[in-house]
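Participant: Sharing a structure with you now.
The values are calculated or read from the model by the stated rules, or taken from the named source; none is laboratory data. If you're wondering where the values come from, they're calculated on a predicted model, not measured in any experiment. Note: ideal-geometry Cβ built from the backbone for every residue, glycine included; neighbour counts use all protein chains shown.
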């Protein structure tokens with residue numbers, strides 16, 4: 001049992017270390033970057049804040065179980081896609097970056113504390129955070145040919161990150177005690193705090 005716990009905790013720690021190596025702050029993308037499916041798919045994978053928030057959604061959903069396993073990731077992806085269209089139409093709003101960092105902190109704490117949110121309330125919270133992420137994605141891309149492919153690309157990448165989180169969440173949920181979720185969630189929240197003040 002202890003070996004399983006340490007393997008899970010080590011896996012979560014290794015994941016955080018690898019993603020931290022990618023970036024310690026959300027990179028600022030510029031208008032005019034390539035549009036289309038592939039750039040959109042790669043975009044969420046270049047920002048630590050996006051990666052951590054999306055994986056945390058999956059972990060939290062797995063810890064809750066039941067309908068949250070599907071409903072919460074779907075709510076995030078759908079809301080994010082709609083918010084991206086708004087971002088493309090209206091442009092950047094500085095508060096979105098703060099909202100993204102706050103989402104990393106909040107989702108990390110939800111995992112660490114294993115917050116037992118009701119299905120609808122949890123989905124609403126996740127949807128709110130998805131607005132920040134989606135709007136930021138859309139605002140970074142001018143409305144031009146390939147924009148819808150770009151949205152489809154980052155929606156798929158987001159779904160895959162959720163799936164990664166679901167898998168991690170299942171492993172964490174099977175670990176003895178609550179320490180694996182404490183370590184993973186606290187690590188995410190701590191990085192979110194760094195991003196918030198950076």
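Participant: Out of the helices (runs of 4 or more DSSP H) lying entirely within the stretch 114-198, which hold 3 or more residues that are at pLDDT below 95 and farther than 30 Å from residue 35 by Cα?
Facilitator: 147-174, 179-197
Participant: Still on this structure, please answer the following. Identify all residues within the stretch 65-92 that are in contact with a helix residue (DSSP H, G or I) (Cβ under 7 Å, 6 or more places away or on another chain) and either in a loop (DSSP other than H, G, I, E, B) or over 11 Å from residue 134 (Cβ atoms) (or both); write none if there are none.
Facilitator: Residues satisfying the conditions are 67, 68, 69, 71, 72, 73, 75, 91, 92.
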